[in-house]
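Encoded as structure tokens, the structure appears first; notes follow it.
The values are calculated or read from the model by the stated rules, or taken from the named source; none is laboratory data. Being a predicted model, the structure only gives us computed values, none of them experimental. Side chains included, ligands, DNA and RNA excluded: accessible areas come from the protein's heavy atoms. Shrake-Rupley method; radii C 1.70, N 1.55, O 1.52, S 1.80 Å.
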Amino acid sequence: MLDFGIAKLQRQRLDQAHKTRTGSLLGTPLYMSPEQCMSQKDIDVHTDIYSLGVILYEMVTGKRPFDGDGVYAIISMHINDAPAQPSCLRAEIPRMLEEIILRALAKAPADRQESMAVLHSQLELARGNSAASSEALVRAQRDRVRPIPLHQIGRASCRERV
């Protein structure tokens with residue numbers, strides 16, 4: 001999974017390496033996870049899940065969960081604000097899909113899906129395709145998936161964010 005904000009086509013010699021300065025901001029704030037926004041060092045797959053959650057939110061609602069005037073305003077929203085429920089923006093969004101997206105956008109990495117396989121499986125189940133999700137479910141069970149009640153995942157009411 002790439003950070004869609006920093007992905008670019010570039011000619012490079014094989015012996016060159018892409019290097020960044022320590023402590024510099026790398027990524028597009030619109031798609032960065034809270035832990036990236038806080039410059040945490042123990043970034044893992046949960047960051048990619050969050051970024052995909054932002055993309056899924058944007059795909060189903062036509063709006064980003066967090067948008068503002070300036071980089072620091074957006075970073076602050078990723079860290080502190082709960083996204084509006086997608087169904088506030090489009091009432092026809094299935095509840096199961098909304099729950100998957102909101103879980104991917106959970107502030108704490110441990111509250112997000114455990115892996116992309118689990119997220120894939122959930123999306124397949126949401127569209128009614130249990131056969132396509134079976135392999136992902138097997139991998140998820142091997143990873144000892146533990147469900148997280150949605151009431152533990154922050155989200156704004158329709159009135160707060162719309």
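Heavy-atom accessible area, probed at 1.4 angstrom with all protein chains present, ranks Lys63, Lys41 as Lys41, Lys63, highest first.
Amide H to amide H, with H built 1.01 Å from N, Ala84 comes under 5 Å of Ala156, counting only residues 5 or more places away or on other chains.
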